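Here's the structure, in structure tokens; my notes come after.
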């Protein structure tokens, strides 16, 4: 197999405080190949969002990051300012949970989409707009020309998330980081947005790191899953959804209500830090 | 659920139109259009729909956070269509219908200890029954799974699930007949969601309280509700017994909603193709 | 990402179910003093220490002052600094250091009273406006706007014109002038709070508007009220000193920093700038201290 596009090797993130240190990522390792999608699944506080921040080096300076993160053979942690800027602009595209917080409300959708192209890539305005329109059309936005003149507050959450996807695709990145992109959306909009993301990603052969708390959703859209607990990956691979082996994954899968069968009582997670530490110790022995 | 009882809540041809305030230029928005339903004692009725379907507006009208434009809305025979004027009315209404918000972060006052939040409600509604409001509050917190070590904490020291338990405890403090749960588990982690759904089921079994459960998540609705109504753009497009509707959805919109829920073997579908 | 976001991130990691490296909630038990020091920063701490020294010197002036501030020693008039008179003596031979210490009493208490009165009235108006909304709010805004349009010192002068020159008339006039500064900021904060679900939740519980405003909203805007009050204090010091300088506030022979600048100004023309420099510097120092402290408190109150 060829060199993976993104590789995290034993990444550790430590938050340094005045008198204490807190390890929030503890030895995270995974690889994402060219054109491959990895679903990073975990609950709040498991460290999945910190992982994406580490990948883009957007962690607060109060964190110390150890281990290695390599993108296409280059060490992300070792990049200088200009290499880092290029990496963030051209190589990775980010889609966030709350698109509204990541667009400038006084810029029109058109400005938002074309700005980076015109400024960083030297594409002329008309060409940039043409590309934006074509892409909006591809991601299922009706009347794309009219949308360019609209402002973010005039669009629904689902529509705005499609615009975000279009803006990421316009930059032609090689890796998309999607951090809970559908958590704030209704189920129908979620299905819609994920379908678009999936189909565009496959058509362009892009890699995807998909952060979510929803195992089912991740399983439907990704080639492999990695399940995080307490800053560690407890289990990863293509088998995770169908044949989970780690007790935490098993319990997490069971806790979600099933639309096809009403449970008398939902199983509650019994997995906790104590069991986690014991399992780790046993695995070591 | 026994439908032979008198319904607690009766909504008939409920309508809500938001009009632009003077000076603003936008067309009136018909948020709720001709919605009718009943809520019986000891049942859970789910209102399902996407954002903008008007489901939250229905709930807000029920507790007096919005006025009713047209139609009738009664709780135990008393009309709520006119809105509240007097403090005494508001207190009486609060004892009948309580409300749990979606966001457990902003719906609790960050500067009050949680036991004080609950005790204030107990004192207000005089539900202590022989003990002090504080002792009663501690009992209620215990019953929602928040033991002694949580009592003196502030909301920001708790996780989302624990905060939502506090919000539920606050609702219980008024000893209401109905609790409106407005997307109350939507913002929670899967494992926490399961705990809260179980807790809600326990409370319902113990106190015979009715729920009006507002949600967009059919898997959750299937787990908790007895009956459901489906709303689309302010109108009711489907209603009936939850298990029957979900086992065999007939209405196209209900089918679309059901098809969008991730499950084993599921693939996301684009909306244009979804409705078919 | 700001410092706050980090602690937010960390504390959410700490409280949420599968938290990492859970340590006891020691973070929340940090001593109050430590938190206050963190808020103030180095400059803020210096300002606080300086202000504390000034306040102590003023409060205990009767004990600490080397001389009676009003005792004239015409032989030693306009004397320069010496072992007897550390800062020299004024045109009537009164010890400048002693007069500064007594003068600071008035210069601190007067503006303090101005801010206390205006903060109480302003906060009440703001909360009433924010809670009632509609016409009540509109009338309150209208009144505030009118007050806002008139410079504070003019109110002081109007009060003097009506009730004659004295410290209390000036304080009363300035207090009215300072109401809108407090009221506007507090009203904005209270409106923000009012729209949060916890206020709706309290309303739905059946709490009265008065109860919600006093026990919930006021509690949450209180840091902003305090910060605004402290930072307005600096302006009040200057305004009050200016009125005294014009001879319309505190009446001689009572020591007051504004008055001392005025009398020192006359001596300066005769070639003895001691008194003017000393009293002027003290005013500047007081203003600097309260402004710095107020600033730190405001930036922290906003980020809460």
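Observations on the structure shown:
- Between 0 and 90°, nearest 10: helix C:3-15 axis offset from chain C longest Cα axis: 40
- Fewest-first ordering of B:257, C:125, C:157 by other beta carbons within 10 Å of each residue's beta carbon gives C:157, C:125, B:257.
- The GNM of chain C, with springs linking C-alpha atoms under 10 angstrom apart, assigns the highest mean-square fluctuation among C:281, C:132, C:289 to C:132.
- Prolate is the label for segment B:133-264, because the ratio a/c of its alpha-carbon gyration tensor axes (a ≥ b ≥ c) is 1.5 or higher and a/b is greater than b/c.
- Of the residues C:244, A:82, A:167, C:82, the one with the fewest other Cβ atoms within 10 Å heads the list, and the complete ranking is A:82, C:82, A:167, C:244.
- Rounded Å value of the spacing that divides the Cα centres of segment A:20-43 and segment C:84-121: 64
- Per-residue average of Cβ from other chains inside 10 Å of C:209-216: 2
- Distance in nm between pseudo-label sites at residue B:129 and residue A:243 (7 Å out along the Cβ direction from Cα): 5.4
- Length-normalised contact order for chain C - Cα pairs under 8 Å, 6+ apart - percent: 21
- Chain B - percent relative contact order, Cα under 8 Å, separation 6 or more: 23
- Here the spin labels are modelled as points 7 Å beyond Cα on the Cα-Cβ line, and at residue A:277 and residue B:13 they lie 6.6 nm apart.
- Computed over chain C with a Gaussian network model linking Cα atoms closer than 10 Å, the most mobile of C:215, C:107, C:119 is C:215.
- Angle in degrees between helix C:274-303 and the longest Cα principal axis of chain C, rounded to the nearest 10: 0
- Cα gyration tensor shape for segment A:6-284, rounded if a/c is under 1.5, else prolate or oblate: oblate
- With an a/c value of 1.5 or above and a/b not larger than b/c for the gyration tensor axes a ≥ b ≥ c computed over the alpha-carbon atoms, chain C is described as oblate.
- Model label points for residue A:90 and residue B:22, set 7 angstrom from Cα along the Cα-to-Cβ axis, are 6.0 nm apart.
- Per-residue average of Cβ from other chains inside 10 Å of A:270-277: 2
- Calculated FRET value between residue A:146 and residue A:68, using beta carbons and R₀ = 51 Å, to 0.05: 0.60
- Counting Cα-Cα pairs of the protein assembly as shown in 10 Å increments starting at 0 gives whole-percent bin shares of 2, 10, 17, 20, 18, 14, 9, 6, 3, 1, 0.
- With R₀ fixed at 45 Å, the C-beta to C-beta distance from residue A:270 to residue A:21 puts the FRET efficiency at about 0.95.
- Within segment A:6-284, percent of DSSP bridges classed antiparallel, to nearest 5: 55
- Gain upon complete extension [residue B:142, residue B:207; 0.36 nm per residue less C-alpha separation]: 21.9 nm
- Rounded to the nearest 10 degrees, the angle from helix A:187-204 to the longest Cα principal axis of chain A is 80 degrees.
- Among B:50, B:148, B:183: highest mean-square fluctuation, GNM of chain B, C-alpha pairs under 10 Å: B:148
- Shielding by partners for peptide B:152-164, expressed as the average number of C-beta atoms from other protein chains within 10 Å of each residue's C-beta, is 3.
- The protein assembly as shown - share of DSSP beta bridges that are antiparallel (%, nearest 5): 55
- For chain A, the relative contact order is 24 percent, taking Cα pairs closer than 8 Å that sit 6 or more residues apart in sequence and dividing their mean separation by the residue count.
- Pairwise FRET efficiency - residue B:243 versus residue A:77, Cβ, R0 = 51 Å, nearest 0.05: 0.45
- Antiparallel DSSP beta bridges within chain B, as percent of all bridges there, nearest 5: 55
- Each stretch of four or more DSSP H residues adds -39500 (n - 2.57); spread over every residue of chain A, this sum gives -11000 deg cm²/dmol at 222 nm.
All of the numbers you see were taken from the coordinates with simple rules; none came from a lab. Keep in mind that this is a model prediction, so the values were computed, not measured. Positions of Cβ are generated from backbone atoms using ideal geometry, with glycine treated the same way; all protein chains shown enter the neighbour counts.
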